[in-house]
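Heads up: the structure comes next, in structure tokens.
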Amino acid sequence: MNVDFTTLPGPDRYRMLTNFIGPRPIALVGTRSLAGHNNAAPMSFFNVFSHEPPLVVLGIQYRGNGDEKDTVGNIRRTGEFVVNMVDMSIAEAMIVCAVNFTADVDELAFAGLTPLPCKQIDVARIAESPCSFECRVERIIDYDKRALIIGEVVHMHVHDRCLDAAGRYVNPETYQPIARLHADNYITSDRQFEMKKPDSLWPYEVAQVTPRSERAAK
């Protein structure tokens, strides 16, 4: 099957991209409304972009009528947002936050989530989230129907339970974020394994290494 994305209708492009690129981590993005309400919206078009500088990226589609979503408007106005990661403990609350509420609804209160003040930005983070990233807008790239928002991480909050005893690495037994697959299907990291690349091929020359395809044929 060959798919020409230059002629494919938008809904079909979305279906093919999201069906095959995954799992995609979920950012429960917190912002502050003009009236001071807590806004929270889950985004699966999200990922870490760089560590120097520390950047995350959000891809936020506009509404069907062409209007910006509250999250985009709040971020444009304040230049700030917080990314709350999602695990099974707040999965159902995350889905509640996906509803298109009016701007005057405090979505954290409606979903039963606990707001806590951030350290460096004027946005509430979620107490129940395993980790949260305070972000300031680095730049916004606008397309006809979408805004690509790049945020610089200025502060991180992480539950101690999510780290090993040294506080250095993630404890996979206690930090199991969920991610989105296709349609309404999600996955959690309940099975992990380790694969390390070799430090080098020395003392072998590259020409001496048997290609993988040839090894499989033997």
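The values are calculated or read from the model by the stated rules, or taken from the named source; none is laboratory data. Worth saying up front: this structure is predicted, and the values here are computed from it rather than measured. Cβ placement follows ideal geometry from the backbone for every residue including glycine, while neighbour counts extend to all protein chains displayed. Please note that ligands, DNA and RNA were not included when accessible areas were found on the heavy atoms of the full protein model with its side chains. Shrake-Rupley method; radii C 1.70, N 1.55, O 1.52, S 1.80 Å.
The residue list SER44, ALA98, VAL137 was ranked by how far each Cα lies along the charge dipole of the chain toward its positive end, using unit charges on Cβ atoms, and SER44 comes out on top. Annotation: peptides 143-154, 99-110, 121-132, ranked by per-residue average of other Cβ atoms within 10 Å with the highest first, follow the order 121-132, 143-154, 99-110.
Here the label points at ALA166 and MET16, each 7 Å from Cα along the C-beta direction, are separated by 4.6 nm in the simple model. Over all pairs of different C-alpha atoms in the stretch 1-131, the reciprocal of the mean inverse distance, the Kirkwood hydrodynamic radius, equals 16.0 Å. At a 1.4 Å probe radius, carbon and sulfur cover how many percent of the accessible area of the stretch 23-117? Heavy-atom surface of the stretch 23-117 belonging to carbon and sulfur, 1.4 Å probe: 59 percent.
Evaluate the charge dipole of the chain about its Cα centre and quote only its size in Debye, nearest 20, assuming +1 on the Cβ of each Lys and Arg and -1 on the Cβ of each Asp and Glu.
On the way: 23 positive and 28 negative charges, 101 e Å.
Dipole size: approximately 480 debye.
Rolling a 1.4 angstrom probe over the protein heavy atoms with all chains in place gives the stretch 70-200 an accessible area of 60 Å² per residue.
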